[in-house]
Amino acid sequence: MDLQATVLRQLKNRREGFSLEQPFYIDQDYFKLDMETIWYRDWLFVGHDCEIPRAGNYFTAQIGDYPVVMVRGKDQVIRAFHNTCRHRGHRVCTQARGASAKLVCPYHQWTYDLDGSLVFARQMGETFDKSEFGLKTVHCESVAGYIFICLANEAPDFAPVRASIEPYMKPHRLWEAKVAHQNTIIEKGNWKLVWENNRECYHCAANHPELCRTYPEAPTATGVQGAGDDPFIAEHWARCEAAGLPSEFKMDPTGQFRTARMPLIQDAESYTMSGKPAVRKPLSSEVPISHIGTMLLFHYPTTWNHILGDHAISFRVLPISAEETAVTTTWLVNKDAVEGVDYDLEELTHVWNMTNDQDRSIVEENAFGIRSPAYEPGPYSVGHEGGVMQFVEWYTTFMINRLQGDKARLTAVA
Ligand code: FES
Ligand SMILES: [Fe+2]
């Protein structure tokens, strides 16, 4: 039986409310199928507009087998390209980020304009047509300061994502923020374990002493159900919405992305040990009130986010192999905030650096145990792990739909 059929059968016969079977977390072929079915075909968050504020600024990313580069053009438009030279395939941009008037391949100096067109190729003969060898484009969209790309030839419609998340994010003006800090950690676990861990706070009280000073562990705040019935949250939404900040819990019908503005504990305004803002300058001039809590956005499979009054934190998930995942955390502050004057970097980053490291350890121990032949899928807590169940449900439905769609297409062709 071929792998696709096996996976399809396993997903369809999955015991609902239970974790996935072992190969979904450790097997290289299952991983390849995840990459081909989800990662190479859907919209992925890669970074922020403000990481490349000027024409010629670029950053690179590795999506499975695909090196890509995101560049701001002279026309200020942000574009994404396959970072593979049209001469013999060398990576054109070999650094994580940089600034350059043109993109020059280091191998034989083929030179590309910021819009990807080939403008110079030494001694290629009279008949050589440069217009045939521009960098291959990757679909690219920027929404409220977030850059999404899609590697598929035909990208799914981005309009529903934009329409849903833009109103929530726009007041925070993140496209003109400043990166105060960014780091990438490697977690030795499958990308789905990283997400499962993120989607619940059942583990928070015992594992995250720093985060729990300010972030509520109640499933109504952290999960996907019952938020509107919590009077504390309902009051928070009413106050924020009256100030022009969209806040109510909003989940896309596909389950792929969600926005909601949640209050922090008591008087806390930020993820600091004191709960007080870490940055003296507010993040956005368009937010007229304090104590706005945290605007939560997730978009599967690449990003979850916390947008506060004084700073924002984005998380980017990129799989490396079946059992390794890179998680990049970026702290954004007001562009005019000065380190050492308006904020202390250690204070700004402390809580999430600690939390990330605690989560890394959890994910790695989770992966360790799942490798055991004695592992079998276990039951999620309905009360506390609704978010995990929702993620696994999304994954299962998404995979089944795509795999069945592929099968139907193949049959039609045959
Ligand atoms: S491979 Fe890029 S110039 Fe030759
Ligand atoms: Fe955690």
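Each reported figure results from applying straightforward, stated rules to the coordinates on display, with no laboratory input. Values in this document were obtained by computation on a predicted structure and should not be read as measured data. When we count neighbours, we look across all protein chains shown, and the Cβ atoms used for this are built from the backbone with ideal geometry, even at glycine.
Stretched out straight at 0.36 nm per residue, the stretch from Glu347 to Lys136 would grow longer than its current Cα-Cα span by 71.7 nm.
Across the stretch 5-99, the mean sequence separation of Cα contacts (distance under 8 Å, 6 or more residues apart), normalised by length, yields a relative contact order of 18 percent. The magnitude of the dipole of the stretch 238-351, with charges of +1 and -1 set on the Cβ of Lys/Arg and Asp/Glu and taken from the Cα centre, is near 340 debye.
Stretched out straight at 0.36 nm per residue, the stretch from Asp267 to Ile186 would grow longer than its current Cα-Cα span by 25.8 nm.
With the charge dipole of the chain set up from +1 on Lys and Arg Cβ and -1 on Asp and Glu Cβ about the Cα centre, the Cα lying farthest toward the positive end among the listed residues His384, Ala205, Val327 is that of Val327.
Ranked from largest, the principal axis spans of the Cα set of the chain equal 74, 60, 35 Å.
When you restrict to C-alpha pairs under 8 Å that are six or more residues apart and normalise by the size of the chain, the relative contact order lands at 19 percent.
This model, with +1 at the C-beta of Lys and Arg and -1 at the C-beta of Asp and Glu, gives the stretch 163-371 a dipole about its Cα centre of some 380 debye.
How about Lys12: which aspartates and glutamates have a C-alpha closer than 13 Å to its C-alpha, ignoring those fewer than 8 places off in the same chain? Answer for Lys12, where 13 Å is the Cα cut-off: Glu21, Glu393, listed by chain and number.
Take every pair of alpha-carbon atoms less than 8 Å apart whose residues are at least six positions apart; their mean separation over the length of the stretch 43-150 yields a relative contact order of 29 percent. Evaluated at q = 0.13 Å⁻¹, the base-10 log of the normalised Debye intensity for the stretch 43-150, with identical point scatterers placed on the Cα atoms, takes the values -0.43. Across the stretch 169-180, computed HN-Hα scalar couplings (Karplus, 6.51 cos²θ - 1.76 cosθ + 1.60, θ = phi - 60°) run 9, 4, x, 8, 6, 6, 5, 10, 6, 10, 7, 7 Hz from first to last residue, x flagging Gly and Pro. Computed over the stretch 163-371, the range of Cα coordinates on each principal axis works out to 50, 42, 32 Å, biggest value leading. Over all other residues within a Cβ to Cβ distance under 13 Å of Gly98, the charged ones net out to +4, with Lys and Arg as +1 and Asp and Glu as -1.
In this label model, Val119 and Glu154 are separated by 3.5 nm, measuring between points 7 Å along each Cα→Cβ vector.
Report summary: the helix-based calculation at 222 nm, which adds -39500 (n - 2.57) for every DSSP H run with n ≥ 4 and divides by the residues of the chain, gives -8500 deg cm²/dmol. Quick one: of Lys32/Lys170; Lys74/Lys130; Lys188/Lys335, which pairs are farther than 28 Å apart, Cα to Cα? Correct reply: Lys32/Lys170; Lys188/Lys335. Report the net charge of residues surrounding His299, where surrounding means a beta-carbon distance below 10 angstrom and charges are Lys +1, Arg +1, Asp -1, Glu -1. Summing Lys and Arg as +1 and Asp and Glu as -1 gives -1. For the pair Arg54 and Lys12, label points projected 7 Å from Cα toward Cβ lie 5.8 nm apart. An oblate overall shape is assigned to the stretch 349-389, the ratio a/c of its alpha-carbon gyration tensor axes (a ≥ b ≥ c) being 1.5 or greater and a/b not exceeding b/c.
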